[in-house]
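Asker: Provided herewith is a single structure, encoded as structure tokens, for subsequent inquiry.
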Amino acid sequence: MAIFVPQLVIQPMREEDIPEIMRIERMCFPTPWHENAFYAELNHEPACYLVAKIDGQIVGYGGMWVIMDEAHITTLAVHPEYRRQHIGERLLLALLEVAIARRARRVTLEVRMSNTAAQNLYAKYGFRAAAIRKGYYADTHEDALVMWTDDIQTPEYQQLLRTNRWKLLRAQS
């Protein structure tokens, strides 16, 4: 008996994706971005926004800006019913690969202090705690942990990505 495993596809976000993204945004964040923010980001040259789809349905998305030699991951979300399937990790890996292609040297992001699962994922990809932004999240006044990578253009970092990509592919087969 054959078992069908749907394939995850990561592709650039399009305007027609935004209504579905907004449904996920409202499920994942107490204070969701406004829909217009996503439309604006799609037309912002330094921005890169990606969606993860299974059978044509959006199950996650992520975005970043790359300005000069720094990338800033602005958002990363996975539909609650699709978590713990490495979708967030695949999106993160895709964003990091775009940052490398755009010649970024370092990557930064903010993450809720309470979100240890995300912090662990980011640490797996070389992010380290660098600072705390007190009361960063307006909805709860929770602090944000600011995380940075070292130089993502180095052979050592490239090896980290290859190793993690290989482990990810093995986990999904």
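The values are calculated or read from the model by the stated rules, or taken from the named source; none is laboratory data. Everything numeric in this text was worked out from a predicted model, so none of it was measured. Cβ sites come from the backbone with ideal geometry, for glycine too, and all protein chains shown count toward neighbours.
Asker: Does segment 63-88 hold any residues that are among the acidic types (Asp, Glu), within 24 Å of PRO32 (Cβ to Cβ) and either in a strand (DSSP E or B) or at pLDDT 95 or above (or both), and which are they?
Answerer: Of segment 63-88, the ones among the acidic types (Asp, Glu) are 69-70, 81.
Now restrict to residues that are within 24 Å of PRO32 (Cβ to Cβ): 81.
Scanning segment 63-88 gives no hits.
Asker: State yes or no: is PRO46 over 17 Å from VAL9 (Cα atoms), in contact (Cβ under 8 Å) with a residue 40 or more places away in the chain, surrounded by fewer than 17 Cβ atoms within 10 Å (Cβ to Cβ) and out of contact with any helix residue (DSSP H, G or I) (no Cβ under 6 Å at 6 or more places or on another chain)?
Answerer: Working: over 17 Å from VAL9 (Cα atoms): yes; in contact (Cβ under 8 Å) with a residue 40 or more places away in the chain: no; surrounded by fewer than 17 Cβ atoms within 10 Å (Cβ to Cβ): yes; out of contact with any helix residue (DSSP H, G or I) (no Cβ under 6 Å at 6 or more places or on another chain): yes.
Judged against the criteria, PRO46 is not a match.
Asker: Still on this structure: Which of the residues that make up segment 112-163 are under 16 Å from ALA71 (Cβ atoms), surrounded by fewer than 17 Cβ atoms within 10 Å (Cβ to Cβ) and of a type in the set (S, T, N, Q)?
Answerer: Within segment 112-163, GLN153, THR154, GLN158 qualify.
Asker: Further question on the same structure: How many residues are out of contact with any Lys or Arg (no Cβ under 9 Å at 6 or more places or on another chain) and either in a helix (DSSP H, G or I) or more than 19 Å from PRO19 (Cβ to Cβ) (or both) when one looks only at segment 48-62?
Answerer: 0
Asker: Can you pull out every residue in segment 56-89 that is among the charged types (D, E, K, R) and either farther than 20 Å from LEU168 by Cα or surrounded by 13 or more Cβ atoms within 10 Å (Cβ to Cβ) (or both)?
Answerer: Result: ASP69, GLU70, ARG83, GLU89.
Asker: Within 29 Å of ARG106 (Cβ to Cβ) and surrounded by 12 or more Cβ atoms within 10 Å (Cβ to Cβ): does that describe GLU41? Reasoning before the result, please.
Answerer: Details: within 29 Å of ARG106 (Cβ to Cβ): yes; surrounded by 12 or more Cβ atoms within 10 Å (Cβ to Cβ): yes.
So GLU41 fits the description; yes.
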